[in-house]
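The values are calculated or read from the model by the stated rules, or taken from the named source; none is laboratory data. Remember, it's a predicted structure, so these values are computed and weren't measured experimentally. Don't worry about glycine lacking a Cβ; one is built from the backbone with ideal geometry, like all the others, and counts go over all protein chains shown. Heads up: the accessible areas ignore ligands, DNA and RNA and are worked out on the full protein's heavy atoms, side chains in. Shrake-Rupley method; radii C 1.70, N 1.55, O 1.52, S 1.80 Å.
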Amino acid sequence: MERQHQLLSKIATNDRHGENSPYFDGWKAYDKNPFHPTDNPDGVIQMGLAENQLSVGSIIDWIEKHPEASICNPEGVHMFKDIANFQDYHGLPEFRQAIAKFMGRVRGGRVTFDPDRIVMGGGATGANELIMFCLADPGDAFLVPSPYYPAYVLFRFYRDLGWRTGVQIVPVDCDSSNNFQITKGALEAAYDKARQDGINVKGLIITNPSNPLGTTLDRETLKSLLSFINEKHIHIVCDEIYAATIFGSENFVSISEVVEEVMDCNRDLIHIVYSLSKDMGLPGFRVGIVYSYNDAVVNCGRKMSSFGLVSSQTQYLLASMLSDEEFVDDFLAGSSKRLKKRHGIFTKGLEQIGISCLESKAGLFVWMNLRHLLKEQTNDGEMELWRVIVNDVKLNVSPGSSFHCVEPGWFRVCFANMDDETLDVALKRIHAFVGEQKERETLPTKTKDMPSKTKCWKKNLRLSFSSRIFEEGIGSPIAMSPHSPLVRART
């Protein structure tokens, strides 16, 4: 094996992709033993994958009503030759126009996007890497407020941003004292420390809405961030791939809106990453978008996009779908309602057993606080609890340390990638597990420290389709969450 490695490149032989990290151990546990309500009711439930499967029925309905939108149907096959031969890395004009209009509608029609600034990438992963190639050289760094998406920098792994580009990440530590909000003071401290260490800081990366917090940045915070990057003359990359997952009462504020209000900002420093993976639940379509206000970045990014284009067949289908304004409006409204309902069911189920989550109004997950269940308030204590949850409770959730959270005991739990019945099973397992923990706390110390011979949460957890213990309501429009391969779209 060592001799084979000598024949390959450093990128081919390093382990910075992150697949061998603890973050993926839960995925591996799920892959080996996936839950199924009848075939494998004691299997692992996948709650570590941020997929939006609650509205796929709406998309299927539209496709069935518009067979002409696919070149593989008799109604659309007359376009097969033209679309199959199209390979311009600018993308189909009608696709770029539809994406630009959709991005505007997602943001409430308060801002418009120029189709000529739409640059394609292979999903948000490809779009993030593309913008890094455009803005930075190997060794350059970007500030990223924590907690942040693991594939940005997973321990020493740099999948999306640095695995191939060589870009570094400088964490900007945020904590629960102010609900993990970004402060200019924390940004200044991280920036100054990086400069003192001889690191060339090229920009700031923010995710709005946040993954893993499910929170959004308000207008004043965004203005403060623009002020900061203008003062330092560094870039800002705003990842807005969860823009349409808002289910709270307040509108989502995009960086694109604030740009229009702040007249003295340097637009050449502002870039947006977007995709349809989360907002429409289409990660397999690999639609990633870079939208930059910098002409040079648009031109360079478009050339680089030839390494990760969206297939012309996908462009053609989506151009038709996203141009249907009635469908888009109904889809966005329906998706928001379903996410709000699902979020409410899950958080109320957790509240019944004393588990709180960070208040959120967006995303496909909650930021769950299990600090009171840690044996010790350390990362080791967090990982010990996480292993119990994955291996014994059979729930794949994501530990906060994998998001570079500075406080042990927080976990990201996804709730939109399964049907209602599976969510019930997950909640029952959590209830039983927490119940046992509380029971053990009342036992004498010697007894408490002994391993439990029988896991009570494994008892009587056969799925009952006639009993809904958390909320009566309409089931999600899809069936079971599909068995997912380890290497997926962005999680």
* Mind checking which residues of segment 354-367 are touching a Phe, Trp or Tyr at 6+ places or on another chain (Cβ under 9 Å) and either closer than 16 Å to GLY435 by Cα or open to solvent by less than 10 Å² (accessible area, probe 1.4 Å) (or both)? -> ALA362, GLY363, LEU364, PHE365, VAL366, TRP367
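Among the residues of segment 178-214, write down those that are in a strand (DSSP E or B), of a type in the set (A, V, I, L, M, F, W, C) and over 19 Å from the mean Cα position of the chain (by Cα).
Here is the first cut: in segment 178-214, the ones in a strand (DSSP E or B) are 201-207.
Filter once more, so that each one left must be of a type in the set (A, V, I, L, M, F, W, C): 201, 204-206.
The one that is in a strand (DSSP E or B), of a type in the set (A, V, I, L, M, F, W, C) and over 19 Å from the mean Cα position of the chain (by Cα): VAL201.
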* **Which numbered condition PHE327 misses (of (1) open to solvent by 10 Å² or more (accessible area, probe 1.4 Å); (2) over 27 Å from ALA50 (Cα atoms))** => (2)
* Asked: Pick from segment 368-382 the residues that are open to solvent by less than 20 Å² (accessible area, probe 1.4 Å) and assigned to a helix (DSSP H, G or I): which of them is farthest from THR207 (Cα to Cα)?
  -> GLY381
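Matching residues to (1) assigned to a loop (DSSP other than H, G, I, E, B); (2) surrounded by fewer than 21 Cβ atoms within 10 Å (Cβ to Cβ):
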| position | (1), (2) |
| --- | --- |
| ASP264 | yes, yes |
| GLY281 | yes, no |
| GLY288 | no, no |
| LEU318 | no, no |
* Which number in (1) of a type outside the set (Asp, Glu); (2) open to solvent by less than 70 Å² (accessible area, probe 1.4 Å); (3) part of a loop (DSSP other than H, G, I, E, B) marks the one condition that ILE272 misses? -> (3)
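Among the helices (runs of 4 or more DSSP H) contained in segment 25-116, which hold 1 or more residues that are among the aliphatic types (A, V, I, L, M), free of Cβ contacts under 8 Å to residues at least 40 places away in the same chain and open to solvent by less than 60 Å² (accessible area, probe 1.4 Å)?
On the way: elements: 25-32, 56-65, 80-84, 93-106.
Output list reads 93-106.
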* Just wondering, is there one or more residues in segment 341-353 that are assigned to a helix (DSSP H, G or I), surrounded by fewer than 18 Cβ atoms within 10 Å (Cβ to Cβ) and free of Cβ contacts under 8 Å to residues at least 12 places away in the same chain? -> yes
* Kindly establish whether THR314 is closer than 18 Å to VAL56 by Cα, β-branched (Val, Ile, Thr) and open to solvent by less than 40 Å² (accessible area, probe 1.4 Å). => yes
